[in-house]
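Here is the structure we will look at, set down as structure tokens.
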Amino acid sequence: MKAELSAWLISSAEKLRSGVKDELDIKKLLDGFGIRVISESSNKRSGALAQDSDGKWLVIVRGQRRDKNLTTVDRFTAAHELGHYLLQKHWRFSPSFADKKNYYDCESLCNQFAAHLLVDYDLVSKLLIVSPKMCLGIIRDLAKRYSVSIDVISRAILEVHPGIGICAFTKGLDGRVNRLWGLSSLNGISPRYSRKNVTAKSIHEEVIAWSKSLLGEKNRVQLDFASESTGPLKSVSCDDNSVVKDKDNSENSYYFFSKVELAVVMIKPPVDV
């Protein structure tokens, strides 16, 4: 059942964004379904699909925003709730809080729908990504082009390009890495990896440790690595006794588009873990 719903939602998303090359006007799309978007100011990011007293459908998006425009999170939330609307209308399928599997299946399906609605997966699949440095630029460019978060773009890339790991960081005032999420496509999409209070002193150190945890016993592989703050690392050998060394010794750095720093790892050759 889930596979059937997934295929139907992806097909529906692709039809709805047909002809849209860049950012999808999600408000206009929802308006076409007779659904009004209501923005509420809140410290929590969440959304809801509801009906008013007249039976008209509403999508409520909650969060902090600088102006009246929807944020990238708002846009994804609105697209996600449209997925719930379509599942209810065409399949009478809605999340049940009493059934955890049903609930998480439904949420996963709507996340998948939202991603395919907001991002042109066909274009992403045709990209030729030959280096981590190139991947960094692609993530930022596509996030801006489609007005989605780097998380959404990263997942889209990983779904269609094997052998890549993408991490995101923030740093403390002392320069230490204090938060990270990571996703990889070494063997399908990995579970989201997140840690708080990371003790690593550098992004290099933490990314290599994360990569080794994904590779398991296949620890004699070559990793190409680049981060926005340090520039590319070339021919990094990762094994149990290795020390991360920058063989390029490059002082190049990339311009930061946001407070979140990205790092990309590419496995050469891609391995089946």
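The values are calculated or read from the model by the stated rules, or taken from the named source; none is laboratory data. Because the structure is a prediction, the values reported are computed rather than measured. As a convention, Cβ positions derive from the backbone with ideal geometry for all residues, glycine included, and neighbour counts pool all protein chains shown.
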Those residues of segment 1-20 which are closer than 18 Å to ALA78 by Cβ and either outside the structural domain of GLY83 (by TED's automatic domain parsing) or not in a helix (DSSP H, G or I) (or both) amount to ARG17, VAL20
Picking from GLU81, GLU107, the residue that is outside the structural domain of ASP151 (by TED's automatic domain parsing) and surrounded by fewer than 20 Cβ atoms within 10 Å (Cβ to Cβ) would be GLU107
Filtering segment 23-81 down to residues that are hydroxyl-bearing (Ser, Thr, Tyr) and either in a strand (DSSP E or B) or within 20 Å of ALA13 (Cβ to Cβ) (or both) yields SER39, SER41, SER46, THR72, THR77
query = Looking at SER211, is it among the polar types (S, T, N, Q), at pLDDT 75 or above, surrounded by 15 or more Cβ atoms within 10 Å (Cβ to Cβ) and more than 20 Å from VAL152 (Cα to Cα)?
reply = yes
Notebook entry, point to check: Does SER125 qualify as being among the hydroxyl-bearing types (Ser, Thr, Tyr), modelled with pLDDT of 95 or more and either farther than 21 Å from LEU30 by Cβ or under 17 Å from the mean Cα position of the chain (by Cα) (or both)?
Noted result: yes
In segment 132-146, is there at least one residue being under 19 Å from ILE26 (Cβ atoms), in a loop (DSSP other than H, G, I, E, B), touching an Asp or Glu at 6+ places or on another chain (Cβ under 9 Å) and not assigned by TED's automatic domain parsing to the domain that holds VAL73?
no
Looking across segment 51-77 at residues that are in contact with a helix residue (DSSP H, G or I) (Cβ under 9 Å, 6 or more places away or on another chain) and either aromatic (Phe, Trp, Tyr) or over 21 Å from LEU117 (Cβ atoms) (or both), the single one that is surrounded by the fewest Cβ atoms within 10 Å (Cβ to Cβ) is TRP57
